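The structure appears below as structure tokens.
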There are 4 protein chains.
Amino acid sequence: MPLGATLAEWFCPNARIGEMSESLQSTEAWRGALAEFLATFFFVYLGCGGVVASGAVEDEKLDAERLLTIAFAHGIAIVILVASTGAISGGHINPAVTLSIVLAGKVNLLRGIMYWVMQFLGAVCGAQVLKFVTPPAWQGNLGSHGLAQGVDGFAGLVMEIVLTFVLVFVVFATAVDTRGPVATAPLAIGFTVLVLHIVGVPYTGASMNPARSFGPAMVTGTWKAHWVYWFGPLIGATLAFWVYMGIFIHSGPLIGGALASWVYARVFVPMGSALNP
Amino acid sequence: MPLGATLAEWFCPNARIGEMSESLQSTEAWRGALAEFLATFFFVYLGCGGVVASGAVEDEKLDAERLLTIAFAHGIAIVILVASTGAISGGHINPAVTLSIVLAGKVNLLRGIMYWVMQFLGAVCGAQVLKFVTPPAWQGNLGSHGLAQGVDGFAGLVMEIVLTFVLVFVVFATAVDTRGPVATAPLAIGFTVLVLHIVGVPYTGASMNPARSFGPAMVTGTWKAHWVYWFGPLIGATLAFWVYMGIFIHSGPLIGGALASWVYARVFVPMGSALNP
Amino acid sequence: MPLGATLAEWFCPNARIGEMSESLQSTEAWRGALAEFLATFFFVYLGCGGVVASGAVEDEKLDAERLLTIAFAHGIAIVILVASTGAISGGHINPAVTLSIVLAGKVNLLRGIMYWVMQFLGAVCGAQVLKFVTPPAWQGNLGSHGLAQGVDGFAGLVMEIVLTFVLVFVVFATAVDTRGPVATAPLAIGFTVLVLHIVGVPYTGASMNPARSFGPAMVTGTWKAHWVYWFGPLIGATLAFWVYMGIFIHSGPLIGGALASWVYARVFVPMGSALNP
Amino acid sequence: MPLGATLAEWFCPNARIGEMSESLQSTEAWRGALAEFLATFFFVYLGCGGVVASGAVEDEKLDAERLLTIAFAHGIAIVILVASTGAISGGHINPAVTLSIVLAGKVNLLRGIMYWVMQFLGAVCGAQVLKFVTPPAWQGNLGSHGLAQGVDGFAGLVMEIVLTFVLVFVVFATAVDTRGPVATAPLAIGFTVLVLHIVGVPYTGASMNPARSFGPAMVTGTWKAHWVYWFGPLIGATLAFWVYMGIFIHSGPLIGGALASWVYARVFVPMGSALNP
């Protein structure tokens, strides 16, 4: 059994494991990997491009109009790229999302590794092409992520964990959970990225995506606090997978369920029988 | 019969009462309550986070770009959270919305109380975590609500009543009324929150949600004019429930229908028979 | 036969006339009229409220961020109000739209008059309530329409005709024409209002709706160039009805079809037979 | 066989050619051409109008709020116009998109030429009417495209190629590919135009559409670097057609497929057999 499935088993015994386990030999897997390459290329080109373009017209100052512009660049890019590649690759465009999908057993570990390689490759190529077309005076650090003055590494890590938790929660609720509004999932996921950028950009740049952080960092050599953008998203995605599968899809006693049962038995049963006999 | 249903009976005799009356013992009710906890946590984290983040980059000044940024933070947060939790809890994320749904008899009173507790708990936790990650220089009152210079308590109350009336009207028209566009309800409801913030933020902060007001007020101790953010939303939600159910779903003579009948008989029948014999 | 149908017959002989001709006695018609009252009330409250709120924070200066804020206030208000009242009244919220629907024979003239009365009544009430809650220092002319410096009456009229033409064209293409994307019509129509405001606000205020112009004008007594906001929208709506029904729904020879036939026979048939034998 | 189909055959032997090959004599083709005329007229009127209107209120300065306003004007205009004309003409509104659809064999060459003529005609008329209603002090170059200081012709060409590649990729993924989310294609395509403007406007103006560039250039005589706006979009559209059809729809060995097969056989088969025996 692949490692992803084993991990998923360990975290969440009742997850539906292996439903989509596919062979590496399939053309579909390769199409998916190429789609992830292109989509991550475009995402970094458009996201970092939005940072660079809005920086060029605002003299690098971050104000509310630039914040909103950056949020739209990233959020709407995700809307269109998930809509375009969802049917081909699942439209992850983010190694943290891929991790959560692998943990859920919806994609096997080998396909996950193909996606990861392609995502990082696409991110570097997107940043490189953006650098090529951008006048040196505008380049700055090409939209690399970094912590704001006053935000220390731990606060930044917590922010990235919360942001990625929300993102992956929405991914599970709208695109993985079959009760969710699957038809509007690209919109919901992209809008999630939009609103998370409004909140997160002034703190950490709002990565929630190691590939988005890695691309421009590689091209410009900006590695300060880079660890935050790997640990934050990967931890956040794992927690969101675990909470969503454990509480909202899961049907037996697990940590979440056990906690709920405990609260239920101790607090609400007496109240319930008093009020609703 | 639960109190909610009784109230609904009193306000609006023909409402479809008790259709979804569920037992407190059901796992579904608990999943719903936990979903409300998480969604309200996220809503306060993202909404107040948008206020704090845009305040950090604009030096606390409220101008049109910050107004729009705050409106997007709250509105898009509601889009994604209703899309994510709609199938689990109904996606209320707001005690005033829960009140109207209880009055309509779609959720029984006990489940409503579970939701209310979880919403206020989630709001306080969301504000607390936001405070933890935010540098003290940016915190301000963490997006607590308050009345603008020149807006007295009564004007603020009327504004909150109108805003919440529109919100709950849209909730009933798109998500409760089976003729409505249920598939796009999360978008419609979230966009409603967006536009209501554009109008209401400069007046009262545009709460329309006692939990959203309570969370940061609790964490920062900002209680000035706090009563407006409880009475306004609860009155507005009750009125919207009564108008929507009484006029647009209801089929017998009620206050709205009686008024319409009166106008019809006195004004339009003569005109109608003159023009369209 | 009602006058609307007669006019429609005259303009466009093949329009599907009278399909929805309803009796004034029906409760449905009254519900529709009340829905139009409420929706136009909300639209004026939110649209003018957006103008007032953004003016309050920008010291009445019109810049790009306020332009965008005003466009969102009006556009998103229409999205949510059409989504909410579409199933009840058709979601016109605009006398010019109602005119085009009456001309198309989808609503009979009496019901059209009921809608018109309710729309103007709702607009005046919405502006009045907005005035009540707004501090006098912010009120200005409550978002009444007027022509910019350098835009004369005729240019303003042409702008309003073009704007309303686009609006009613989209209404026909997405909500009347059964081939159109009816499920997303509220979004398409509201987004149309949004983009038309971006272009039109600096010229004429972008009314395209006599009720929206009339409400705040009545409450504040701002009547300068008011004729533009009646003739422009009503002419634009009539032209759009005529073009859409005549060319895109119509199936026999009419002015549009005749022109197309003429161009076809004189220009393209020789070319076509040369290239595609 | 029409030239478009022949070219498509040459580029991509397995494309589904000739599926929609229609006769020039059909009324449908003429309706389509007239719809393309109107839609391109409106697109240029609204897009250039957004540039002019935001320039009028910002004293011609390009800052982040104007950038966002221009992006919304163009992007939302495409949302509503594709939604309105998609069922009539396919909703191209762009000669580069029409080229890619002709290459894919979905529209025959003659119909493509009809569309092209109408698109350029509509663009010139739209710019002309906009000029008529606009006070001379605001006109500038009516939103004509040009290269920013520091962006040379080749960088501009690459930017336009990438932008158009993304646009046509999304068109194929959401509207041509039957697995895609066809119902939300107008939204996805228009949002693509929106995000591409955020990135591209400070560099080249973000044309990706020769008709959009040609209209205001013709009316104001602004021809500097105009070649970029023909070669960039046409090359980008051709590449996107070729990549999408060749890799994601195509099922036999082609350049993309061959490359993937090569990488697969040399790199992943050993790894795959080691990890997933």
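The values are calculated or read from the model by the stated rules, or taken from the named source; none is laboratory data. Owing to the predicted nature of the structure, the values given are computational and were not obtained by experimental measurement. Cβ sites come from the backbone with ideal geometry, for glycine too, and all protein chains shown count toward neighbours.
What number of residues within the stretch B:168-196 are touching a residue at least 12 places away in the same chain (Cβ under 8 Å) and either farther than 27 Å from residue A:180 by Cα or not in a helix (DSSP H, G or I) (or both)?
Going through the stretch B:168-196, the residues touching a residue at least 12 places away in the same chain (Cβ under 8 Å) turn out to be B:168-177, B:185-196.
Going one step further and asking which of them are either farther than 27 Å from residue A:180 by Cα or not in a helix (DSSP H, G or I) (or both), we end up with B:177.
Going through the stretch B:168-196 one residue at a time, the tally reaches 1.
Looking only at the stretch D:152-169, which residues are within 9 Å of another protein chain (Cβ to nearest Cβ) and buried (at least 24 other Cβ atoms within 10 Å of the Cβ)? Passing the criteria: D:156, D:159, D:162, D:165, D:166, D:169. Kindly indicate whether residue A:66 is buried (at least 24 other Cβ atoms within 10 Å of the Cβ) and either out of contact with any Leu (no Cβ under 8 Å at 6 or more places or on another chain) or of a type in the set (Lys, Arg) (or both). It is true that residue A:66 is buried (at least 24 other Cβ atoms within 10 Å of the Cβ) and either out of contact with any Leu (no Cβ under 8 Å at 6 or more places or on another chain) or of a type in the set (Lys, Arg) (or both). Annotation for the stretch D:62-79: at least one member residue is more than 9 Å from chain C (Cβ to nearest Cβ) and not in a helix (DSSP H, G or I). Step by step: first the residues of the stretch C:91-118, then only those that are under 13 Å from the mean Cα position of the chain (by Cα), outside any helix (DSSP H, G or I) and not polar (S, T, N, Q), then the one that is surrounded by the fewest Cβ atoms within 10 Å (Cβ to Cβ). Which residue is that? Going through the qualifying residues, I end up with C:91.
With the requirement that a residue be of a type in the set (Gly, Ala, Ser) and either within 17 Å of residue C:139 (Cα to Cα) or outside any helix (DSSP H, G or I) (or both), what does the stretch C:32-61 give you?
Within the stretch C:32-61, the subset of a type in the set (Gly, Ala, Ser) is C:32-33, C:35, C:39, C:47, C:49-50, C:53-56.
Answer for the stretch C:32-61, where residues must be of a type in the set (Gly, Ala, Ser) and either within 17 Å of residue C:139 (Cα to Cα) or outside any helix (DSSP H, G or I) (or both): C:47, C:49, C:50, C:53, C:54, C:55, C:56.
Return yes when residue A:234 is closer than 27 Å to residue B:74 by Cβ and either in a helix (DSSP H, G or I) or at pLDDT 95 or above (or both) and no when it is not. Spelling it out, it is not the case that residue A:234 is closer than 27 Å to residue B:74 by Cβ and either in a helix (DSSP H, G or I) or at pLDDT 95 or above (or both). If the condition is being within 15 Å of residue C:50 (Cα to Cα) and assigned to a helix (DSSP H, G or I), then the stretch C:203-214 contributes C:212, C:213. Checking the stated criteria, residue B:126 turns out to be crowded, with 22+ Cβ neighbours inside 10 Å, within 13 Å of chain A (Cβ to nearest Cβ) and touching a residue at least 24 places away in the same chain (Cβ under 8 Å).
Residues in the stretch C:172-186 that are more than 7 Å from chain D (Cβ to nearest Cβ), buried (at least 22 other Cβ atoms within 10 Å of the Cβ) and out of contact with any Phe, Trp or Tyr (no Cβ under 9 Å at 6 or more places or on another chain): C:175, C:185, C:186. Taking the stretch D:190-216 as the range and being within 11 Å of the chain's Cα centre (by Cα) and either surrounded by fewer than 24 Cβ atoms within 10 Å (Cβ to Cβ) or more than 8 Å from chain A (Cβ to nearest Cβ) (or both) as the test, the residues that pass are D:190, D:193, D:206, D:207, D:208, D:209, D:210, D:211, D:212. Against the conditions (1) more than 10 Å from every other protein chain (Cβ to nearest Cβ); (2) among the aliphatic types (A, V, I, L, M); (3) buried (at least 24 other Cβ atoms within 10 Å of the Cβ), residue B:121 satisfies every one except (3). Can you confirm whether the stretch B:129-142 contains a residue that is assigned to a helix (DSSP H, G or I), more than 9 Å from chain C (Cβ to nearest Cβ), crowded, with 24+ Cβ neighbours inside 10 Å and of a type in the set (D, E, K, R)? No - not one qualifying residue is present in the stretch B:129-142.
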